[in-house]
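A quick write-up on the structure given underneath.
What follows draws every value from the coordinates through simple rules; no lab data is involved. Nothing here was measured: the structure is a model prediction, and the numbers come from that model. Using ideal geometry, Cβ is built from the backbone for each residue, glycine included, and neighbour counts are taken over all protein chains shown.
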Amino acid sequence: MGDLLAGLTEAFRMIVTLDAELIEITLRSLRVTLTALAISCLVGLPLGGWLAVRRFRLRRAVIATMNALIGLPPVVVGLVVYLFLSRSGPLGVLGLLFTPTAMIVAQIIIITPLVASIAYQAMRDLWSDYHDLLISMNATRGQRIVTLLIDARRALLTAALAGFGRAIGEVGAIMIVGGNIDGATRVLTTAIALETGRGDFALALGLGIILIALALIVSWGSHWAMRTERQGTW
Amino acid sequence: MVAALPLTLTGATLRRQGKTLIGPVDLTLGRIGVTVVIGPNGSGKTSLLRMMHGLQRTADGHVGWSVADAIARERQAYVFQRPIALRRSVLANLMFPLRLRGASRAQAEARARAIADRFDLTAMLAQPAPSLSGGEMQRLALARALITEPEILFADEPCAALDGRATRQIEALLAGTAAAGTRLVMATHDMGQARRLASDVIFLLHGRIHETGPAKTFFAAPATPEAEAFLNGDIVE
Amino acid sequence: MIRALLMSALFLSAGSASAETMKLAVTTSFENSGLADILLPQIAADTGIDIELIVVGTGQALRLGEAGDVDAVLVHSKAAEEAFVAAGNATHRREIMYNDFVIIGPGDDPAGIAQAGDATEALARIATAQAPFVSRGDDSGTHKAELALWNAAGIPTEGDWYRPVGAGMGAALNTAVGMGAYVLSDRASWLKFGNKDGMSILFEGDPAMFNQYAYLPVNPARYDHIKAGAAARLEDWLVSERAEVLINGYRVADEQLFTFNAER
Ligand SMILES: Nc1ncnc2c1ncn2[C@@H]1O[C@H](COP(=O)(O)OP(=O)(O)OP(=O)(O)O)[C@@H](O)[C@H]1O
Ligand SMILES: [Mg+2]
């Protein structure tokens with residue numbers, strides 16, 4: 001109980017004093033996660049739409065694989081990305097290890113299956129509604145996917161928010177590929193792991209509270225921007 | 001512009017899970033007129049319309065247009081028995097088919113507003129389409145189908161579940177459309193409506209054309225006892 | 001005006017020249033000690049090198065060095081370090097300083113190790129009492145030192161009472177506190193640790209528990225991108241008098257943590 005109170009106090013203190021380090025790692029967390037999310041959505045949403053409208057032989061296998069990849073342990077992703085980006089690995093020449101870019105790469109791999117899978121489910125249901133109409137109107141495959149992407153946008157927001165939640169709270173992979181370097185790759189979650197390791201629970205908890213607050217603000221903000229739950233169910 | 005019609009069905013057959021739903025059907029649809037498809041529930045009216053429109057692939061036989069299939073596709077429109085509303089505003093629903101064909105936003109909007117006026121939809125242009133009433137939804141579906149000025153319109157029970165006033169409104173719009181030169185193929189359960197609109201009749205029974213002919217002769221003197229019974233409102237097995 | 005421009009140009013170029021960075025893999029225990037927070041700013045001021053610390057276990061630190069992902073490592077596990085040099089991964093090994101390990105346990109000391117004469121006896125008492133003992137179990141320098149102590153005492157590390165957690169020092173301490181178990185920790189980590197909760201140092205001072213830190217610059221012949229120049233300048237600084245004063249002078253809770261012992 002005392003630790004919880006201390007954590008709240010610490011979070012409050014860091015926020016009101018606009019703690020410079022806190023602002024830095026918070027902004028870095030946001031930058032890394034939002035970049036990864038943007039790329040994941042760019043890939044995952046059309047992929048979900050494509051899987052919804054396209055019937056091909058390996059479709060079920062692809063969907064099953066995608067759903068399995070959601071459960072991929074981040075630490076394993078981190079390790080594999082590390083092995084690729086390590087100086088002695090195949091992509092070592094790029095010199096990306098221990099940079100925010102490496103963290104973005106790991107997060108993209110972690111959240112794209114999740115984003116694509118939720119997007120697929122939403123658009124599959126919409127597709128069963130729209131199927132006859134779009135076929136009748138002779139829409140091309142691209143037009144079908146775009147129509148689903150537009151009209152399922154509320155559900156796709158959920159997909160993006162799920163991806164955001166998973167990425168912003170992820171620590172295992174980015175610890176390995178980012179290295180938690182102070183001033184370069186330290187983000188909220190790795191800082192929390194560090195402070196927990198040091199036994200400074202108040203600071204760790206304070207950072208955790210800020211992380212949760214951030215996730216809430218992003219969720220509220222995007223729902224507000226999309227005006228979900230305001231104009232009926234569609 | 002070369003006309004897509006006439007449409008010719010030769011031995012066209014539709015099967016599902018080993019069951020023959022339609023056919024074999026031999027039929028020619030000319031360039032003008034209103035063909036009304038009637039028959040008991042489950043006789044295959046919807047299936048026949050969908051097969052003609054190309055939504056269902058034939059298992060046997062052939063559905064042939066006078067132009068290449070790709071061109072024919074562009075000249076048709078379909079109004080479904082259960083209307084499908086895009087989860088957008090009424091205006092966006094109307095603009096949609098034009099936008100698919102590459103019309104600019106401004107062009108599409110101008111034409112959408114014009115057709116909305118004719119179909120009495122102007123007041124609800126900004127409303128989400130899924131929130132329309134049944135009658136309004138049918139008007140929207142019809143307007144959206146006609147905005148591309150198709151050569152032929154398939155309408156599957158466009159007045160089902162509408163009250164008398166709404167039915168009259170839709171009928172007037174359909175009659176106007178046919179008068180303007182659009183070929184109409186329509187399924188209905190409303191014999192009054194069939195009499196008012198039809199130039200030809202197709203009477204379906206068990207997935208086959210049981211009787212067909214000009215509306216006048218069909219309604220005045222049906223050739224088969226089943227058709228006569230159906231017109232009398234008896235149950236036809 | 002022109003002079004001002006020249007001055008600012010000079011200043012800018014000086015600024016960018018000093019912004020050289022190098023990556024140094026260090027062990028969790030070193031980072032947790034807080035000494036890095038004292039040394040890094042001074043290193044940046046004196047040498048112009050911005051050190052990016054990668055904080056990992058000794059095993060992973062050496063792997064990073066071997067793969068060329070860091071320019072140097074600062075760890076504390078002599079045998080592994082010597083093997084690392086022998087394999088050609090580092091040019092040499094330079095001893096910098098030491099701290100010591102202590103055995104932490106619950107205040108009532110159920111195994112009575114506070115009265116033990118040396119580390120061997122202390123461990124023997126824990127094993128005899130079957131008192132829970134948390135081990136890092138993560139192949140870190142601390143873990144290796146712990147295993148060496150058990151080995152010297154001739155006690156097999158098995159049984160319900162011996163709990164390897166496979167985690168960093170902080171996590172292992174948190175676990176030990178939670179279970180009321182004994183645990184071997186470096187003094188620095190323990191003094192800095194914020195969640196002591198009735199636990200304290202019960203045994204210390206045996207020279208067998210000294211913990212030597214060494215600096216190993218990664219072999220630049222292995223990889224083109226290794227910043228050998230910066231690594232050499234950092235080494236020079238680490239063995240300088242300036243470093244000696246800072247290291248010996250670093251205090252936590254009024255205790256000296258590290259003893260500088262580099263040979264110049
Ligand atoms: N996909 C399908 N699989 C199996 N059977 C089908 C399928 N689609 C339609 N049928 C069957 O084909 C028959 C004809 O259906 P259809 O919808 O064409 O009838 P309808 O004349 O339009 O009936 P209604 O007047 O009730 O609209 C029905 O028995 C129906 O159950
Ligand atoms: Mg029907």
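Treating only the Cβ of Lys, Arg, Asp and Glu as charged (+1, +1, -1, -1), what charge dipole size does region A:2-226 show about its Cα centre? Round to the nearest 20 debye. Don't jump to the answer; show the numbers that get you there.
Values: 17 positive and 13 negative charges, 231 e Å.
Magnitude of the dipole: close to 1120 debye.
Of A:S219, A:W127, A:P46, which is farthest towards the positive pole of chain A's charge dipole, taken about the Cα centre with +1 and -1 on the beta-carbons of Lys, Arg and Asp, Glu respectively?
Farthest towards the positive pole: A:W127.
Straight-line reach from C:K144: which lysines fall under 28 Å, measuring Cα to Cα and dropping same-chain residues less than 8 apart?
Correct list for C:K144: C:K23, C:K78, C:K192, C:K196.
Counting only other chains, what is the mean number of Cβ atoms within 10 angstrom of the Cβ of each residue in peptide A:42-52?
Neighbouring Cβ atoms belonging to other protein chains average 0 per residue here.
For A:166-175, what's the mean count of beta carbons from other chains sitting within 10 Å of each residue's beta carbon?
Working: counts 0, 0, 0, 0, 0, 0, 0, 0, 0, 2.
For this peptide, the per-residue mean of nearby foreign Cβ atoms is 0.
In percent, what relative contact order does region C:101-209 have, based on Cα pairs under 8 Å that are 6 or more apart in sequence? Could the numbers behind the result be given before it?
Values: 176 pairs, mean separation 49.6, N = 109.
For region C:101-209, the relative contact order is 45 percent.
So what's the back-of-envelope 222 nm ellipticity for chain B, counting only DSSP H runs of four-plus at -39500 (n - 2.57) apiece and dividing by all residues, rounded to 500?
Result for chain B: -11000 deg cm²/dmol, rounded to the nearest 500.
Order these peptides, C:181-189, A:32-40, A:109-117, by their mean beta-carbon neighbour count within 10 angstrom, highest first. Could the numbers behind the result be given before it?
Values: C:181-189: 26.4, A:32-40: 21.7, A:109-117: 24.7.
Result, highest mean Cβ count within 10 Å first: C:181-189, A:109-117, A:32-40.
Mean-square fluctuation check for chain A, GNM, Cα pairs under 10 Å: which of A:S29, A:S88, A:S222 is largest?
Of A:S29, A:S88, A:S222, the most mobile in the Gaussian network model is A:S88.
At 0.36 nm per residue, and after removing the present C-alpha to C-alpha distance, how many nm does the segment from B:V2 to B:T20 gain when stretched out fully? Each step should come with its number before you reach the end.
Working: separation 18, 0.36 × 18 = 6.48 nm, distance 3.42 nm.
Extra length available between B:V2 and B:T20 comes to 3.1 nm.
Let me spell out the model: positive unit charges on the Cβ of Lys and Arg, negative unit charges on the Cβ of Asp and Glu, origin at the Cα centre of the protein assembly as shown. What dipole size does that give, in debye rounded to 20? Before the final figure, lay out the partial values.
Working: 65 positive and 69 negative charges, 910 e Å.
Rounded to the nearest 20 debye, it is 4380 debye.
When the Cα centres of region A:139-185 and region B:48-86 are compared, how far apart do they sit, in Å?
39 Å
Quick check on packing: order B:57-66, C:165-174 by the mean number of other C-beta atoms within 10 Å, highest mean leading.
Working: B:57-66: 15.8, C:165-174: 23.6.
In descending order of packing, they fall as C:165-174, B:57-66.
Give the relative contact order (percent, whole number) for chain A; include only Cα pairs under 8 Å separated by 6+ residues. Walk me through the intermediate numbers first.
Numbers: 289 pairs, mean separation 75.2, N = 234.
Contact order relative to length: 32 percent.
How large is the charge dipole for chain B, taken about the Cα centre, if only the Cβ atoms of Lys, Arg (+1) and Asp, Glu (-1) carry charge, to the nearest 20 debye? Walk me through the numbers before you get to the answer.
On the way: 27 positive and 21 negative charges, 185 e Å.
That gives a dipole near 900 debye.
Which residue, B:M137, B:G192, B:F203, has the largest displacement toward the positive end of the dipole of chain B when charges sit on each Cβ (Lys, Arg +1; Asp, Glu -1)?
B:M137
Taking Cα pairs under 8 Å and at least six residues apart, what relative contact order does chain B come out at, in percent?
Values: 414 pairs, mean separation 63.5, N = 237.
Relative contact order here is 27 percent.
Taking Rh as the Kirkwood radius, which is the inverse of the mean 1/r over Cα pairs, what is the Rg/Rh value for the protein assembly as shown?
Numbers: Rg = 38.7 Å, Rh = 32.1 Å.
Taking Rh as the inverse mean 1/r over Cα pairs, Rg/Rh reads 1.21.
By average Cβ neighbour count within 10 Å, what is the ranking of B:18-30, B:142-154 from highest down? Can you show the working numbers first?
Numbers: B:18-30: 16.5, B:142-154: 22.2.
The most tightly packed comes first, giving B:142-154, B:18-30.
Give me the inter-chain shielding for A:125-138: mean count of other chain Cβ atoms within 10 Å, whole number please. Provide the component values of the computation, followed by the final result.
Details: counts 0, 2, 0, 0, 5, 4, 2, 7, 12, 4, 5, 14, 12, 12.
For this peptide, the per-residue mean of nearby foreign Cβ atoms is 6.
Chain A: D in µm²/s via Stokes-Einstein (Kirkwood Rh, Cα pairs, 10 °C, 1.306 mPa s)?
Numbers: Rh = 19.3 Å.
After rounding, the answer is 82 µm²/s.
Taking only DSSP H segments of four or more residues, each worth -39500 (n - 2.57), what value at 222 nm results for chain A once the sum is divided by all its residues, to the nearest 500 deg cm²/dmol?
Details: 10 runs with 180 residues, N = 234.
Roughly -26000 deg cm²/dmol at 222 nm, from the helical runs in chain A.
Assuming R0 = 51 Å, can you tell me the calculated FRET efficiency for the pair B:F219 and B:E149, based on Cβ-Cβ distance, to the nearest 0.05?
On the way: r = 31 Å, r/R0 = 0.60.
Efficiency for this residue pair is about 0.95.
Which Cα, out of A:V32, B:A160, C:F210, lies furthest along the positive dipole direction of the protein assembly as shown (beta carbon charges, K/R +1, D/E -1)?
After comparing all options, I get B:A160.
Provide, in order from the shortest bin, the percent of all Cα-Cα pairs of region C:101-209 in each 10 Å bin, continuing until the bin that contains the maximum pair distance.
Each 10 Å bin holds this share of Cα pairs: 16, 56, 28, 0.
Rounded, prolate or oblate for region B:83-187? Axes are the square roots of the Cα gyration tensor eigenvalues, ordered a ≥ b ≥ c, and the cut-off for rounded is a/c under 1.5.
On the way: a/c = 1.77, a/b = 1.21, b/c = 1.46.
Taking the square roots of the gyration eigenvalues as a ≥ b ≥ c, region B:83-187 is oblate.
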